[in-house]
1. Roughly speaking, what is the stretch gain from ILE242 to ASN145, that is 0.36 nm per residue apart minus the C-alpha to C-alpha distance, in nm to one decimal?
2. Summarise the long-distance tail of P(r) for segment 12-111 by giving the % of C-alpha pairs beyond 20 Å.
3. What residues have an amide H closer than 5 Å to that of VAL179, excluding those fewer than 5 places away on the same chain, when H is modeled at 1.01 Å from N in the peptide plane?
4. Using a cut-off of under 18 Å, list every residue of segment 64-96 whose amide N is near the label point 7 Å from the Cα of ARG127 along the Cα-to-beta-carbon line.
5. Could you tell me which residue out of PRO205, THR22, VAL215 lies farthest along the dipole of the chain toward its positive end? Charges go on the beta carbon: Lys and Arg +1, Asp and Glu -1, centred on the Cα centre.
6. Anyone know which of ASP34, ASP194, ASP92 comes out most mobile in the 10 Å Cα GNM of the chain?
7. Among 198-209, 60-71, how do they line up by average Cβ neighbours within 10 Å per residue, starting with the highest?
8. Which ³J(HN,Hα) values in Hz, rounded to whole numbers, follow from the phi angles of segment 43-60 under the Karplus curve 6.51 cos²θ - 1.76 cosθ + 1.60, where θ = phi - 60° and Gly and Pro get x?
Amino acid sequence: MEGKCVIVTGAGRGIGLEIARTLATQGYDLLLTDVDADGVKAAAAGLEGPGRFEGVGGDVRDFDAVHDLVAKAAEDFGNIYGVVNNAGVTKDTLLVRMSPEDWKFVLDVNLTGTFNFTRAVGPIMMRQREGRMVNIASVIGLSGNAGQANYAASKAGIIALTKSVAKELGGRNVTANAVAPGFIATDMTAELPDKVKAAMLSQIPLKKLGGPGDVAGVVKFLLSPDAAYITGQTLVVDGGMIV
Ligand code: NAI
């Protein structure tokens, strides 16, 4: 996949960093971005592969900054083959305690952030007559979850956005798919109380948490030639949790 540039958001740590590491081994050029500017620069500097890697600080919520970042990347790298919308946050609390700020923060980062990058790369991919969009959703976007009304709504929104974009851009050879991870061991899930973790584990037929590599492998597949005829889909990577 040499010479093809992929943008990965939220790539400073966790699943995004693992996706970047996996894609680097495939030969892609990578533009990593994260609100943690130092983290994402260090992440890009630590990648191993034949491509060119750059880490740039930035907030996925900022429409104009995202547009400028994508335009500059298209010029520097010569193309934007893929985008992996991975940046995401949680702000968990029961609905009756959820403030408008908690609601807006999660919707803004997870859903509007995904829209911002999709909107910026869409015209470039259409002109190229080639492009792959992979959006990291969550099984919670399919099942809902007590204490995560904002997060669930944002992830369900990502799945619906993905299907709509697949329908709009398919004619230009641009695919859009979502990946819905279950319970993956990262900093995000490390914050959960042990009781919650044990309850979730008991729901997983494969009897273990997933790792960032389990998600990264599926993203790699969706960007590969093997997935050329797949679009509008949500691939669930959850050890069977919501079967
Ligand atoms: P994480 O919290 O370890 O990493 C998220 C990254 O996104 C961080 O580097 C953070 O700085 C960055 N980020 C946050 N707000 C940002 C913003 N406004 N602009 C740019 N970057 C921003 O989380 P993790 O676990 O790696 O999750 C990655 C994605 O996978 C998220 O979308 C999450 O919702 C999703 N996911 C994670 C699951 C899990 O069990 N860990 C399960 C299902 C989905």
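1. Numbers: separation 97, 0.36 × 97 = 34.92 nm, distance 1.17 nm.
Gain on extension, ILE242 to ASN145, equals 33.8 nm.
2. On the way: 2126 of 4950 pairs.
Of all Cα-Cα distances in segment 12-111, 43 percent exceed 20 Å.
3. Excluding prolines and chain starts, which carry no amide H, the hits are ASN135, ILE136, ALA137, LEU235.
4. 64-83
5. Result: PRO205.
6. With Cα springs under 10 Å in the chain, the top fluctuation among ASP34, ASP194, ASP92 is at ASP194.
7. Details: 198-209: 12.3, 60-71: 17.5.
Result, highest mean first: 60-71, 198-209.
8. Residue by residue, segment 43-60 yields 4, 5, 5, x, 6, 10, x, x, x, 9, 10, 9, x, 10, x, x, 9, 4 Hz.
The values are calculated or read from the model by the stated rules, or taken from the named source; none is laboratory data. Quick caveat: nothing in here was measured; it's all calculated off a predicted structure. Methodologically, a virtual Cβ is constructed for each residue, glycine included, from the backbone with ideal geometry; neighbour enumeration extends over all protein chains shown. Accessible surface is based on the protein model in full, side chains and every heavy atom, while ligands, DNA and RNA are left aside. Shrake-Rupley method; radii C 1.70, N 1.55, O 1.52, S 1.80 Å.
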